[in-house]
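Report on one structure; see the data block that follows.
Any read-out appearing in this document is the output of simple, stated calculations on the displayed coordinates, not a laboratory observation. Everything numeric in this text was worked out from a predicted model, so none of it was measured. Reconstructed Cβ throughout: ideal geometry from the backbone, glycine too, with neighbour counts over all protein chains shown.
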Amino acid sequence: MTNVQQNLEQIQQRMQSASERANRKLEDVTLIAVTKEVSVNRTNEVIENGVLHLGENRPEGLKKKLDAISNDVKWHYIGTLQTRKVKSVINDINFLHSLDRMSLADEIEKRATSTKDCFVQVNVSQEESKHGLSFAEVEAFVDQLKKHKRIRIIGLMTMAPNTEDDAIIRDVFRRLKQLQSKIAAKKIVNAPCTELSMGMSGDYEIAIEEGATFIRIGTALVGKEREGVV
């Protein structure tokens with residue numbers, strides 16, 4: 001049994017337990033393997049174990065994987081996307097998790113050849129080290145996107161604050177869930193906002209308990225191997 005296989009089994013068991021605690025179904029949560037710092041070989045190992053949603057955070061890393069991997073995977077861009085690099089990324093990905101400004105939305109509208117599923121990134125904890133809109137800015141931002149025909153806001157994304165206090169992390173995730181539900185209730189055509197991208201290696205169980213539908217797991221699944229290793 002490979003390390004990835006062992007790691008995946010442990011993660012799936014913990015996902016199952018978290019889902020049961022929240023009276024949710026495991027299949028309602030999609031695991032994204034964050035492969036941004038690992039080799040093509042390790043990425044293929046992830047795919048061979050049945051994880052077909054992969055997350056990258058740099059255009060160069062995404063292109064390297066796209067050129068080497070032919071499997072039918074879903075690509076998630078989970079990092080900050082510079083406006084000038086939209087053209088080289090947007091038509092190769094299935095999901096963007098980091099829509100956080102109107103200039104980026106405008107460039108996506110200009111460059112995308114089809115409608116793109118996007119998450120609005122929210123800096124719920126208001127940490128200076130994190131990107132994203134403030135909690136108070138999100139609804140107006142989503143309303144402004146109604147004119148963008150190539151963008152579909154399928155949900156909200158956040159990163160937990162840098163703390164080991166589970167209560168603080170839980171509060172951040174809970175608040176994002178409340179905001180997601182509020183926007184979804186508006187029934188905006190291009191912003192169904194039914195999804196929540198939150199939870200990483202250290203806090204995905206809390207995220208599942210608080211309503212995450214996509215969790216982004218790197219180290220706990222793929223280890224600490226770096227891209228230079230084949």
Problem set entry | FRET efficiency for Lys224 and Glu60, using Cβ-Cβ distance with R0 set to 22 Å, rounded to 0.05 | 0.65
For this session: Rounded, prolate or oblate: pick one for segment 93-138, where a ≥ b ≥ c are the square roots of the eigenvalues of its C-alpha gyration tensor, a/c under 1.5 means rounded, and failing that, prolate if a/b is larger than b/c, else oblate.
Result: prolate
For this session: Pop a pseudo-label 7 angstrom from the Cα along the beta-carbon direction at both Ser114 and Asp171 and give the gap in nm to one decimal.
Result: 4.3 nm
Problem set entry | Distance (nanometres) between label positions extended 7 Å along Cα→Cβ at Gln82 and Lys146 | 3.5 nm
Seminar exercise, completed: Taking Cα pairs closer than 8 Å and at least 6 residues apart, the relative contact order of the chain in percent is 24 percent
Problem set entry | Virtual spin-label span in nm between Asp28 and Asn94, 7 Å along Cα→Cβ | 2.1 nm
Exercise. Within segment 141-230, how many Lys pairs sit with Cα atoms under 28 Å apart, leaving out pairs fewer than 8 places apart on the same chain?
Worked result: 14
Seminar exercise, completed: Checking rank on 204-211, 22-29, with mean other Cβ inside 10 Å and highest first, the result is 204-211, 22-29
Seminar exercise, completed: In the neighbourhood of Thr163 defined by beta carbon distances under 13 Å, the net charge of the other residues (Lys, Arg +1; Asp, Glu -1) is -4
